[in-house]
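Okay, so here's the structure we're looking at.
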Amino acid sequence: RATATMGEAPEPSPQAPLAVLSKVELRVSCKHLLDRDTLNKSDPCVLLLMQSQGQWMEVDRSEVIKSNLNPVFAKIFTVDYYFEEVQKLRFEVYDSHGHAGVGTHDDDFLGGMECTVGQIVAQKRVTKPLFLKYGKFAGKSTITVISEEISGNNGYVELAFRAKKLDDKDLFSKSDPFLEIYRIDDDRSEQLVYRTEVVKNNLSPIWEPFKVSLNSLCSCEEKRKLRCVVWDYDSRGKHDFIGEFFTTFEEMQKAMGENKVQWECMNPKYKIKKRNYKNSGVVVLLDLKIHRVYSFLDYIMGGCQIHFTVAIDFTASNGDPRNSCSLHYINPYQPNEYLKALVAVGEICQDYDSDKKFSALGFGARIPPKYEVSHDFAINFNPDNDECEGIQGVVESYQSCLPKIQLYGPTNVAPIISKVARVAADEERTKEASQYFILLILTDGVVTDMADTREAIVRASYLPMSIIIVGVGNADFTDMQILDGDDGILRSPKGEPVLRDIVQFVPFREFKNASPTALAKCVLAEVPKQVVEYYSYKAFPPRCPQPETPDSNLSSPQ
């Protein structure tokens with residue numbers, strides 16, 4: 001779906017159903033939380049939920065901050081912002097109990113707050129009281145949410161810090177240092193940008209490299225002042241101050257390439273009190289990499305090809321193709337639902353694929369010559385080359401394969417997802433943004449191998465591919481919605497989450513009376529975002545330098 005940005009609603013041309021999206025970063029802090037623990041203070045964690053079709057779904061959760069009733073969370077929540085929609089958010093604060101994770105028991109609930117994305121965006125900073133169940137105030141507890149819109153031209157930066165010879169704050173062991181970076185805003189207030197992990201028992205720690213957006217680090221202003229603070233971690237939440245230094249992103253950029261930048265870490269109190277005080281250690285920026293954030297069109301115009309594969313369900317539940325009630329019935333006057341969905345989506349994808357050759361696979365049928373069940377056969381029956389010439393070639397192969405096969409079952413789609421994933425994995429090894437894979441699965445029922453399918457999707461989320469599933473016919477597709485990560489995060493059977501939400505599921509019946517472009521727009525609206533997310537995560541730039549005025553028929557609704 002095309003989305004309006006601040007009042008403008010550019011309608012994408014049918015050739016390019018690109019979603020115009022604003023992303024918003026949300027940062028959360030709390031004050032005066034209830035103390036649920038007898039011996040020490042609560043260990044708070046925030047869950048962010050979003051309302052979807054009347055149900056609250058978890059979007060993400062923050063880290064747990066030990067023993068702290070006034071936590072400032074380092075976690076940045078990112079939400080898509082649609083100007084024309086009321087997007088309801090709910091923040092819930094829980095007292096976490098170690099390994100058991102965040103419980104949702106009443107005694108661990110420290111309070112919740114509801115608002116909309118629009119309210120936070122309009123006010124930039126929202127502070128509200130936290131409520132317990134039945135509208136009771138959670139004491140004097142408040143929650144503050146600060147929002148920043150991520151502008152389209154915004155890049156991000158990867159930083160790697162270490163320290164040397166830090167002051168020792170612990171009696172029987174060495175300090176357990178961590179580093180915090182704060183951005184100093186125009187009103188002199190400080191905004192936490194990042195908090196590193198704690199390195200135990202080490203006065204010369206090397207912290208893990210991390211990425212932050214330039215917007216978040218310095219509001220995209222290189223000369224904006226940054227305050228960096230080193231602390232000695234204390235499990236009771238009373239961290240000891242080791243020292244601080246001030247810098248700017250401009251100064252940090254001297255650390256590109258072989259160079260390193262270092263700062264003396266100062267404790268102002270010691271400076272006044274101690275005559276021979278030099279510093280409390282040195283912090284070194286070992287490496288800085290700037291990554292520009294590119295748009296979908298940057299990748300397409302840089303020569304990235306969209307490779308399209310279609311997978312068709314040939315299980316017996318479709319009905320005998322010779323019978324006019326069958327979903328696979330070939331009516332000379334009216335294409336069936338399989339063909340309608342295939343043509344609607346394929347016609348748009350073919351604009352982005354220069355060789356116009358599409359892989360066409362079938363699953364759930366007994367195939368010649370031995371009539372054994374196959375879950376990933378080429379519908380042109382050429383095992384060495386499953387590609388057809390254009391969408392018309394796919395349609396012809398589909399029509400000619402129907403009389404030759406025996407519809408059977410079960411509905412297993414994991415083999416086909418894994419097959420496309422293997423090709424995508426080979427592509428990934430080129431470390432170039434040259435090919436992205438879209439797999440369109442057309443099926444009449446809920447998949448039988450749900451566990452294997454979830455596992456295959458989690459694996460595929462790390463590769464340059466997206467999956468579109470169109471449900472054909474009148475089956476109950478409720479279980480298929482699980483695969484579409486819109487209602488929470490899809491996980492593998494072992495609990496591993498997808499890296500990116502790569503699946504879009506729609507029942508064809510919702511578009512039966514709409515134009516073919518409506519179906520294509522709906523299922524392809526997420527693809528540009530998924531392409532950009534993948535290449536940004538991999539830090540692959542577009543392949544060739546971007547021409548200033550690209551000669552292209554793709555209109556970008558920016």
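Annotations
- The calculated 222 nm mean residue ellipticity attributable to helices in the chain amounts to -5000 deg cm²/dmol, summing -39500 (n - 2.57) over DSSP H runs of n ≥ 4 and dividing by all residues.
- Here the stretch 23-150 has an Rg and Dmax of 14.1, 48 Å, counting Cα atoms alone.
- Rounded to the nearest 5, the antiparallel percentage of DSSP beta bridges internal to the stretch 304-538 is 30%.
- Å³ per residue enclosed by the Cα convex hull of the stretch 289-390: 167
- D by Stokes-Einstein for the stretch 304-538, Kirkwood Rh over Cα pairs, 4 °C, 1.567 mPa s: 73 µm²/s.
- Cα centroid separation, the stretch 286-314 to the stretch 179-243 (Å): 32
- Computed Kirkwood radius, in angstrom, where 1/r is averaged over Cα pairs of the stretch 156-291: 15.3
- Contact order relative to length of the stretch 23-150, as percent, for alpha carbon pairs under 8 angstrom and 6 or more apart: 32
- Solvent-accessible area per residue for the stretch 156-291 (1.4 angstrom probe, square angstrom): 54
- Over the stretch 142-268, relative contact order from alpha-carbon pairs under 8 Å, at least 6 apart, %: 24
- Largest-first ordering by accessible area, 1.4 Å probe, given options ARG429, ARG454, ARG491, ARG27: ARG429, ARG491, ARG454, ARG27
- The chain: antiparallel DSSP beta bridges as a percent of all, rounded to 5: 80
- The stretch 156-291 - charge dipole about Cα centre, Lys and Arg +1 at Cβ, Asp and Glu -1, debye rounded to 20: 600
- Average silhouette area of the stretch 385-525, convex hull of alpha-carbon atoms, in square nanometres: 9.9
- For peptides 419-428, 134-143, sequence by mean Cβ density within 10 Å, most packed first: 419-428, 134-143
- Angle in degrees between helix 450-460 and the longest Cα principal axis of the chain, rounded to the nearest 10: 60
- Under a 5 Å amide H cut-off, with hydrogens placed 1.01 Å from N, CYS265 pairs with SER280, GLY281, VAL282, VAL283 among residues at least 5 apart or on other chains.
- Heavy-atom surface analysis with a 1.4 Å probe gives the stretch 238-339 a carbon and sulfur content of 52 percent of its accessible area.
- 1.4 Å probe accessible area per residue over the stretch 304-538, in Å²: 41
- Alpha-carbon radius of gyration plus Dmax, which is the widest Cα pair, for the chain in Å: 27.3, 96
- Accessible surface of the stretch 126-168 [probe 1.4 Å, protein heavy atoms]: carbon and sulfur percent: 57
- One decimal place: the segment ASN276-ASN385 gains 31.5 nm when fully extended, by the rule 0.36 nm per residue minus the C-alpha distance.
- Descending by average beta-carbon neighbour count within 10 Å, the peptides 283-292, 381-390, 435-444 line up as 435-444, 283-292, 381-390, the highest first.
- Options CYS228, GLY243, LEU217, ranked by Cα towards positive dipole end of the chain, top entry (Cβ charges): GLY243
The values are calculated or read from the model by the stated rules, or taken from the named source; none is laboratory data. Note that this is a predicted model, so its numbers are computed, not measured. Methodologically, a virtual Cβ is constructed for each residue, glycine included, from the backbone with ideal geometry; neighbour enumeration extends over all protein chains shown. Calculation scope for accessible area: heavy atoms of the full protein, side chains included, ligands and nucleic acids excluded. Shrake-Rupley method; radii C 1.70, N 1.55, O 1.52, S 1.80 Å.
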